[in-house]
Structure formats: structure tokens, C-alpha cells
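Presented below is the structure to which this report refers.
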Amino acid sequence: MSDDHAHVQEFFSVRAAEWDARFPDDGPAYAAAVADLGLRKGDHVLDAGCGTGRALPPLREAVGPSGVVLGADLTPAMLEAAVRAGRDGAGRLLLADVAALPLRTASIDAVFAAGLVAHLPNPAENLRELARVVRPGGKLALFHPIGRAALAARQGRHITPADLRAEANLGPLLSGSGWRMTSYVDEDARFLALAVRDS
């Protein structure tokens, strides 16, 4: 495991048990972002970096009983918190690194990723791996329940021009990784960038 992965696991392991309690009002924002992803009944969807699985119930509702919902996370403690919250009933949980997913090429219709981009050690390479598992024309949602400015203020920092989630940076990053950005919203209430897998 790289130092980056070890750091991510350490960061989230110590916070997993209290994660949902820290952000108790995020559920509607997750549901709205899932709705914007435009899933259909029977779709196969991956929640990449699923954490405590807050997106899994709305993803299950969107794809219905005939669909497949997978939640992948690098941190065992976050997956354990998802099980304690009962969210494993909405989808199958995988202890997996988004840099090397245990999924077949073009086997997924869409990827939902909440708060993931900032924690990717090699963003272009990691987004290419997400593109690998998504069929051509499939979708990607990069989401955060609050916008960049609100998140920076919460963390006591300032947004820099190098922020990967800035539209000017994220568009080229996605296009160089097999995606085409189709929508970008960055407001206090949420961050949501949608993209389509190139043919």
C-alpha cells in the first residue's frame, strides 16, 4: 500500500464511527445528486469511495430490485460503519481501491463518487480506472454535499487555483481520463460535476 493509501485509511479509520453523526443532514443532498445521475431500473452502479454508504439506499431505489449496487471503499472501518447503519442491505460492499477495481471492463452503467476526488493519489490514473469499468456512454457523478467555498471555510482554509475540483481544472482532468464533463455546479449547498464515458 502506498503512503497515500495509508494516509487515507488512517484519516478515515479514526473518524468512521462518528462520520454520520458529524453530518446528519446530508441525506437529501445525496438523494438529489443520485436523481441527477439519471439512473434507470436495472442499471449497474458503483459508489466509489462509498464510506459509510449514505448513497447506497438512494442508488438502490433508483436502479430497483433488478439493478446492481456496489459500494467500494479502501477503509475497513468505513465499511463496518455502513454495515452497522444497515446500508449493506442496499448494495454489496467491497473492500477495494479505486485504483485497481475488482470489476470487469465496461461492466458498470454509472459511478457515483462523493468526496472522492480530493483523496485520489493519482487523479488522472484513478479516473481512468473508473472509466475502464464503465460502459461507453455511461455516467459519472463527482459529488460533495457542500460546495468548494463552504467546505474550505469549514476546514479553515482558502480555495487555491490548483484545486482539482475547480471547473477549469476538472474539465481537462476528466477529458484526459476518458470522460466528457456535461454539467458542473459549485454552490454553497452542493458540488456536483457530471460526466459521460467517451465511446
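The values are calculated or read from the model by the stated rules, or taken from the named source; none is laboratory data. Bear in mind that the values here come from a model prediction, so they are computed numbers and not experimental data. Positions of Cβ are backbone-derived with ideal geometry, glycine not excepted, and every protein chain shown enters the neighbour counts. The accessibility values were calculated without ligands, DNA or RNA, using every heavy atom of the protein model including side chains. Shrake-Rupley method; radii C 1.70, N 1.55, O 1.52, S 1.80 Å.
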Cβ-Cβ distance below 6 Å, separation of 6 or more or different chains: which pairs start in the range 62-81 with a residue that is under 17 Å from residue 37 (Cβ atoms) and end on one that is assigned to a strand (DSSP E or B) and among the β-branched types (Val, Ile, Thr)?
63/45; 69/45
Keeping to the range 141-155, report how many residues are at pLDDT 90 or above and either exposed (fewer than 14 other Cβ atoms within 10 Å of the Cβ) or closer than 15 Å to residue 113 by Cα (or both).
7
Members of the range 125-142 that are touching a helix residue (DSSP H, G or I) at 6+ places or on another chain (Cβ under 9 Å) and part of a strand (DSSP E or B):
138, 139, 140, 141, 142
Which count do you get for residues in the range 38-93 that are outside any helix (DSSP H, G or I), β-branched (Val, Ile, Thr) and out of contact with any Phe, Trp or Tyr (no Cβ under 9 Å at 6 or more places or on another chain)?
2
Residues of the range 104-119 satisfying the condition of being of a type in the set (S, T, N, Q) and closer than 18 Å to residue 67 by Cβ:
107
Looking at the range 101-125, which of its residues are open to solvent by 40 Å² or more (accessible area, probe 1.4 Å), closer than 26 Å to residue 162 by Cβ and at pLDDT 95 or above?
125
Working carefully through the options 25, 47, find the one that is at pLDDT 70 or above, acidic (Asp, Glu) and open to solvent by less than 30 Å² (accessible area, probe 1.4 Å).
47
